[in-house]
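Undergrad: Below you'll find the structure I mean.
The values are calculated or read from the model by the stated rules, or taken from the named source; none is laboratory data. Predicted, not measured: the structure shown is a model, and the values here were computed from it. FYI the Cβ positions are ideal-geometry reconstructions off the backbone, even for glycines, and counts take in every protein chain you see.
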Amino acid sequence: MVRAMPIFRRRKQEPEAEPATPPQPLPDAPHAEDAGLRPMATHRDYILSQIEPLTPFGMSLVDAWGLALCEEISSDINLPRFDNAQMDGYAVRSADVAGATQSEPLTLAVVGSIYAGDDSDLRVGPGQAVRIMTGAPIPVGADAVLPFEFTDRGASKVKVLEPVSVGENVRPLGSDIAEGQVLAGEGQVLDSRLIGLLAGVGIDKVLARPRPRVVVISTGAELVEPGRPLTNAAQIYDANEHLIAAAAKAAGAQIFRVPAHTDDPDELRNVVNDQLIRADLIITTGGISEGDADVVKQVMPGMGLTDFAEVAIQPGKPQGFGLIGEDKVPVIMLPGNPVSAYVSFQAFVLPVIRRLMGVEPVNNPPVRCVAEAIMRSTKGKLQFGRGVVRNDNGRRYVHLVGGHSSHLLGDLAQANALVLLPPEVEKVAAGDIVHCWLLDHD
């Protein structure tokens with residue numbers, strides 16, 4: 001179970017590094033299927049089975065923007081709270097002005113003025129009118145508002161040039177929201193319009209699940225933080241940390257970027273230990289294959305329960321998951337190639353963030369698109385092609401961008417969708433239906 005933790009503070013003394021122990025499987029880890037690979041949905045659902053939504057607490061409306069409500073909210077008042085003027089003019093009795101015309105105007109006595117916010121005791125009797133401004137309460141006796149444009153705008157007496165009917169230009173009590181009306185349900189995501197509504201009925205705080213605190217750790221001694229110089233020909237800039245952190249932020253998380261540009265087990269262990277106290281979720285990239293320098297796979301089993309698997313997807317076959325530290329903080333370990341890491345984020349991390357936030361649906365729902373050209377895939381794996389989806393008169397069309405290699409950042413940047421080509425498919429003909437994950441949320 002995931003539990004909320006205190007605000008980050010640095011440990012006064014780091015625990016002594018312990019030697020790595022053999023990998024420990026998490027309870028009831030799913031078995032591999034064809035060719036020793038685990039299906040994508042099986043791996044995703046297994047991870048989700050270990051995740052509980054974060055504990056909700058009361059927070060201000062603006063702080064709760066984008067979060068899932070954990071309560072049903074009803075209005076304690078009517079909105080409007082009273083009959084009020086829809087526009088500037090005169091509060092009148094409609095019967096008194098029924099016969100008014102441009103050629104034969106009627107004259108009413110003006111007995112006062114009411115502005116928005118006035119708690120007035122003015123009354124409108126036969127042959128009388130009250131000057132009234134937008135939002136002001138309708139005085140007793142009046143049943144309509146005569147716009148200034150229908151009059152000569154008189155001060156003590158007003159000539160009426162056109163009639164109004166009963167209720168015209170009046171906002172009736174409760175016509176927008178009735179007292180006791182349900183305004184929002186449990187699980188509903190709070191957007192700016194709902195915030196405005198809740199504020200309008202006097203609500204300033206709601207019970208919601210917080211934004212998950214997500215720590216993104218990129219590994220690899222060859223990586224250099226963008227903005228710093230490359231000091232040798234073997235170095236590359238770290239795209240993963242920014243790519244995954246931005247995707248997690250777009251999903252609603254609170255982000256902490258922690259580059260760990262190292263292949264040293266002790267250094268990585270210290271970095272992870274230092275982050276456990278503030279993390280609801282840790283994401284690592286790199287170091288989970290079979291190489292000598294795959295540091296994440298070396299370190300994590302000694303820090304908690306872990307599960308490493310080869311998943312039947314391309315890109316993104318190597319995957320890792322763990323529950324680390326005393327609080328069993330979930331750690332999702334992604335491959336190091338940028339496209340592999342991003343595809344893995346969409347497949348496995350995004351659902352976890354949504355589960356932590358209590359947002360439904362947890363999984364990114366696929367949409368149907370028409371293939372605009374032939375698409376080829378590798379049989380036996382769920383292929384995630386990078387695609388561009390366009391909408392033509394309500395029908396979606398998609399074509400692939402670039403190749404399937406997991407390092408092609410330029411192609412990924414052009415894409416607005418991932419095209420899901422199932423394991424049994426080797427070729428999609430132009431005009432066939434394919435399913436896509438839209439990336440517009442990102």
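Undergrad: If a residue has to be assigned to a loop (DSSP other than H, G, I, E, B) and touching a strand residue (DSSP E or B) at 6+ places or on another chain (Cβ under 7 Å) to count, how many in segment 66-87 make the cut? Show your work before the answer.
TA: So the first thing to find is which residues in segment 66-87 are assigned to a loop (DSSP other than H, G, I, E, B), and the list is 66-67, 70-72, 75-78, 80-83, 86-87.
Still in the list and also touching a strand residue (DSSP E or B) at 6+ places or on another chain (Cβ under 7 Å): 66-67, 70-72, 75, 78, 80, 82-83, 86-87.
Number of matching residues: 12.
Undergrad: Could you check segment 257-369 for helices (runs of 4 or more DSSP H) lying wholly inside it with 2 or more residues that are charged (D, E, K, R)? Quick ask: steps written out before the conclusion?
TA: Working: elements: 265-275, 295-299, 338-344, 350-357.
Fully inside segment 257-369 and qualifying: 265-275, 350-357.
Undergrad: Same structure again: Just to be sure, is Glu168 acidic (Asp, Glu), under 10 Å from Ala85 (Cα atoms) and at pLDDT 95 or above? Lay out the reasoning, then the answer.
TA: On the way: acidic (Asp, Glu): yes; under 10 Å from Ala85 (Cα atoms): yes; at pLDDT 95 or above: yes.
Against the criterion (acidic (Asp, Glu), under 10 Å from Ala85 (Cα atoms) and at pLDDT 95 or above), Glu168 qualifies.
Undergrad: Enumerate the strands (runs of 3 or more DSSP E) found wholly within segment 173-233, keeping only those where 2 or more residues are touching a Lys or Arg at 6+ places or on another chain (Cβ under 9 Å). Spell out the reasoning first.
TA: Values: elements: 182-184, 205-208, 213-218.
The strands (runs of 3 or more DSSP E) meeting that bar are 213-218.
Undergrad: All but one of (1) crowded, with 19+ Cβ neighbours inside 10 Å; (2) in a loop (DSSP other than H, G, I, E, B) hold for Ser103; which doesn't?
TA: Among (1) crowded, with 19+ Cβ neighbours inside 10 Å; (2) in a loop (DSSP other than H, G, I, E, B), Ser103 violates only (1).
Undergrad: For Pro366, work out the one condition from (1) in contact with a strand residue (DSSP E or B) (Cβ under 6 Å, 6 or more places away or on another chain); (2) crowded, with 18+ Cβ neighbours inside 10 Å it doesn't fulfil.
TA: Among (1) in contact with a strand residue (DSSP E or B) (Cβ under 6 Å, 6 or more places away or on another chain); (2) crowded, with 18+ Cβ neighbours inside 10 Å, Pro366 violates only (2).
Undergrad: What residue, among those in segment 57-93 that are more than 14 Å from Met133 (Cα to Cα), of a type outside the set (S, T, N, Q) and over 25 Å from the mean Cα position of the chain (by Cα), is surrounded by the fewest Cβ atoms within 10 Å (Cβ to Cβ)? Spell out how you get there, then give the answer.
TA: Applying the first criterion (more than 14 Å from Met133 (Cα to Cα)) to segment 57-93 yields 57-82, 93.
Restricting the remaining residues to those that are of a type outside the set (S, T, N, Q) gives 57-59, 61-73, 76-77, 79-82, 93.
Still in the running and over 25 Å from the mean Cα position of the chain (by Cα): 76-77, 79-82, 93.
Numbers: Asp76: 10, Ile77: 14, Leu79: 19, Pro80: 18, Arg81: 14, Phe82: 12, Arg93: 20.
For segment 57-93, the residue satisfying everything is Asp76.
Undergrad: Restricting to segment 94-119, name every residue that is touching a Gly at 6+ places or on another chain (Cβ under 9 Å) and within 19 Å of Asn169 (Cα to Cα). Lay out the reasoning, then the answer.
TA: Quick first cut of segment 94-119, residues touching a Gly at 6+ places or on another chain (Cβ under 9 Å) only: 94, 96, 106-111, 115-117.
Ser94, Asp96, Leu108, Val110, Tyr115, Ala116, Gly117 - these are the residues of segment 94-119 that are touching a Gly at 6+ places or on another chain (Cβ under 9 Å) and within 19 Å of Asn169 (Cα to Cα).
Undergrad: Restrict the check to segment 372-384 and report whether at least one residue is of a type outside the set (S, T, N, Q), surrounded by fewer than 20 Cβ atoms within 10 Å (Cβ to Cβ) and outside any loop (DSSP other than H, G, I, E, B).
TA: yes
Undergrad: Specify which of the listed residues (Asp119, Asp96) is out of contact with any strand residue (DSSP E or B) (no Cβ under 6 Å at 6 or more places or on another chain) and buried (at least 16 other Cβ atoms within 10 Å of the Cβ). Talk me through it step by step, then tell me what you get.
TA: On the way: Asp119 fails: buried (at least 16 other Cβ atoms within 10 Å of the Cβ).
Step by step, each of Asp119, Asp96 is checked, and only Asp96 is out of contact with any strand residue (DSSP E or B) (no Cβ under 6 Å at 6 or more places or on another chain) and buried (at least 16 other Cβ atoms within 10 Å of the Cβ).
Undergrad: Follow-up. Can you tell me which residue within segment 344-354, out of those that are in contact with a Pro (Cβ under 8 Å, 6 or more places away or on another chain) and buried (at least 24 other Cβ atoms within 10 Å of the Cβ), is nearest to Ile244 (Cα to Cα)? Step through it out loud before you land on a result.
TA: Quick first cut of segment 344-354, residues in contact with a Pro (Cβ under 8 Å, 6 or more places away or on another chain) only: 344, 352-354.
Going one step further and asking which of them are buried (at least 24 other Cβ atoms within 10 Å of the Cβ), we end up with 344, 352-353.
Numbers: Ser344: 10, Val352: 14, Ile353: 12 Å.
The residue in question is Ser344.
Undergrad: Then there's this: Given the criterion within 22 Å of Ile277 (Cα to Cα) and either exposed (fewer than 15 other Cβ atoms within 10 Å of the Cβ) or assigned by TED's automatic domain parsing to the domain that holds Leu350 (or both), identify the matching residue among Ile255, Ile236.
TA: On the way: Ile236 fails: within 22 Å of Ile277 (Cα to Cα).
It is Ile255.
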